[in-house]
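Heads up, the thing below is written out as C-alpha cells.
The values are calculated or read from the model by the stated rules, or taken from the named source; none is laboratory data. Worth saying up front: this structure is predicted, and the values here are computed from it rather than measured. Don't worry about glycine lacking a Cβ; one is built from the backbone with ideal geometry, like all the others, and counts go over all protein chains shown.
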C-alpha cells in the first residue's frame, strides 16, 4: 500500500473506533482480518496514524477546525509527519484508493499556529481534568501534556537472575538498543518516526531464554523503590500478569518469599509461564479465593500495592482512554484504591513497609489518597523517598519528582517514562 491508501485505511479504522466505541487495538485487528492483502508494514503505518491522531486529538482538531476522523488523520500526516498539502493532493489524484482531495481549509490546517490556543488544547488534555493536572504540574502543564502526547519507547528489564544488560543488548543489537537513564537493569529502544515499526522482541532468543522482560522504565523504577531485600517476606497484592513480581524476585536474588496475588484470576494467568521462563524460585502464586491470604496477616516485611487506577500515566500507549475517562470512573477508582489500602495494611508486620503505586498522574489518586489513608492510620508514616531513591538507584533524586505529600511522580517529560506514582509508608 502507498501512503494515500494507508491514510484512507486509518480514517476507516478511526471512524470504526468512534462508531462502535471499542478499543483501537480491536478495530485495527478487525481491519487487518478484513484486508489480508495488507502487509506488516502497512498495518504498522496505519496503526501509527490512528494512534498519533488520538494522542493529539485536541490540538489536531483545533488546527483543522474539525474532529472528524478524516481531519485528525490528515493533521497527523501534515503536522506530525511533515507531508505538504500540495504533494498529498498530487498523490491522491493518482491513487484510486486515496481519500478525496484536500480542501483549502484542510490544507491551511497544516500550518495553523497553536501558540495562542488554550493551554488544554496545546497540552492535549481533556478540559474537565485541567484543574487536577494544573495542580499536579503547576507551570509545566503544556510541556507535560506534549510529552504525554508523544510515542513511547519500548523498554526492557534485564533479568538479573539470568543475564546482564550488556548480554541482552548484544542479543538485540540489530534493534540499536540503549541503556535507560535511571533504571539500572533497563534497556530502551526509542520510538521511530512516521511509519516505523516497533520491533517484536518477544521472538528473540534472549526473551525465550528469560534474559529480559518487556517493562516500562517507570515500572522498573517503582519496583526498585519498593526496596525488597534478600530473605524478606513480600506480598505483591495486585500482581496482575506479574511484571513487578518478577522484578521483586530478581532484586531479592531468589531468596526470601514473594507472594503474588490478584483478585482477577484472568489477569493473573500469564504469571505462571513468566515465572518459569525467568527462573524465579522464590515466588508463590496465591489464586483468588476465600481466605487465600489469611495466613499472611501481620507477617509481611513489605506489601506492594500497584493499585487499580485510571491509567492516565499510560496515555501514550492507550490514547483512546484519554478521551473516554469520566468523573464517574475516577471516583470509582478512588473508592477501590481506598479499599485496597485498608486491605493491604492488614498484612504488614510492625516496622513493615507499604508501597503504594499507581500508573496515574492525578493527585486525586496519588497524594490525596495517601493523605486520607495516613489520617485514618496514626501508626503509619511516610518514609524518606529521597533516601529510598539513593538506596535503590544509587543516584540523588532528580529535582521535580517529589510530590507535596512525600511521594514521587514520574512522567514522560520528567523521566522519559510512563506516568507512575510511588509512596512509601512505614508501620510503627
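Can you report the number of residues in the stretch 18-41 which are under 23 Å from residue 79 (Cβ atoms) and under 23 Å from the mean Cα position of the chain (by Cα)?
Matching residues across the stretch 18-41 total 4.
If only residues of the stretch 193-214 that are in a loop (DSSP other than H, G, I, E, B) and either buried (at least 20 other Cβ atoms within 10 Å of the Cβ) or without any contact (Cβ under 8 Å) to a residue 40 or more places away in the chain (or both) are counted, the one that is nearest to the chain's Cα centre (by Cα) is 200. In the stretch 321-341, the qualifying residues are those that are touching a residue at least 12 places away in the same chain (Cβ under 8 Å), surrounded by fewer than 22 Cβ atoms within 10 Å (Cβ to Cβ) and touching a helix residue (DSSP H, G or I) at 6+ places or on another chain (Cβ under 9 Å), and the one that is farthest from residue 151 (Cα to Cα) is 338. Only one entry in 58, 75, 108, 44 is more than 30 Å from the chain's Cα centre (by Cα), on the phi < 0 side of the Ramachandran plot and not in a loop (DSSP other than H, G, I, E, B), namely 108. Residue 221 falls short on exactly one of the conditions (1) in contact with a helix residue (DSSP H, G or I) (Cβ under 6 Å, 6 or more places away or on another chain); (2) more than 18 Å from residue 40 (Cβ to Cβ), and that condition is (1).
Looking across 262, 195, one residue alone is at pLDDT below 95 and touching a helix residue (DSSP H, G or I) at 6+ places or on another chain (Cβ under 9 Å). It is 195.
Can you name the residue in the stretch 116-141 that is in contact with a helix residue (DSSP H, G or I) (Cβ under 8 Å, 6 or more places away or on another chain) and assigned to a loop (DSSP other than H, G, I, E, B) and, of all such residues, is surrounded by the most Cβ atoms within 10 Å (Cβ to Cβ)? Ranking the qualifying residues of the stretch 116-141, first place goes to 125. Among the conditions (1) surrounded by 23 or more Cβ atoms within 10 Å (Cβ to Cβ); (2) assigned to a strand (DSSP E or B), the only one that residue 218 does not satisfy is (2).
Taking the stretch 282-381 and the helices (runs of 4 or more DSSP H) fully enclosed by it, the elements with 2 or more residues that are more than 26 Å from residue 412 (Cα to Cα) are at 327-344, 367-376. Checked against the criterion of being buried (at least 24 other Cβ atoms within 10 Å of the Cβ) and under 25 Å from residue 144 (Cβ atoms), the candidates 10, 53 yield just one match: 53.
For the stretch 382-402, which positions are buried (at least 16 other Cβ atoms within 10 Å of the Cβ) and not in a loop (DSSP other than H, G, I, E, B)? Scanning the stretch 382-402 gives 385, 388, 389, 392, 393. Modelled with pLDDT of 95 or more, more than 28 Å from the chain's Cα centre (by Cα) and surrounded by fewer than 19 Cβ atoms within 10 Å (Cβ to Cβ): is that true of residue 66 in this structure? The answer is yes for residue 66.
Annotation note: Cβ proximity below 7 Å between a residue of the stretch 365-394 that is free of Cβ contacts under 8 Å to residues at least 40 places away in the same chain and a residue that is in a loop (DSSP other than H, G, I, E, B) and surrounded by 14 or more Cβ atoms within 10 Å (Cβ to Cβ) (sequence gap 6+ or interchain) occurs for 371/405; 386/397. From the list 101, 58, 93, 27, the one residue that fits, being touching a helix residue (DSSP H, G or I) at 6+ places or on another chain (Cβ under 6 Å), loosely packed, with under 15 Cβ neighbours inside 10 Å and over 20 Å from residue 194 (Cβ atoms), is 101.
Selection of first residues in the stretch 27-55 that are without any contact (Cβ under 8 Å) to a residue 24 or more places away in the chain and of second residues that are exposed (fewer than 14 other Cβ atoms within 10 Å of the Cβ) and assigned to a helix (DSSP H, G or I), restricted to Cβ pairs under 8 Å at least 6 apart or on distinct chains, gives the following pairs, ordered by first then second residue: 27/20.
Yes or no: residue 6 in contact with a helix residue (DSSP H, G or I) (Cβ under 9 Å, 6 or more places away or on another chain), under 24 Å from residue 85 (Cβ atoms) and part of a helix (DSSP H, G or I)?
Details: in contact with a helix residue (DSSP H, G or I) (Cβ under 9 Å, 6 or more places away or on another chain): yes; under 24 Å from residue 85 (Cβ atoms): yes; part of a helix (DSSP H, G or I): yes.
Yes.
For residue 11, the stated conditions hold: it is in contact (Cβ under 8 Å) with a residue 40 or more places away in the chain, farther than 20 Å from residue 198 by Cβ and under 30 Å from the mean Cα position of the chain (by Cα).
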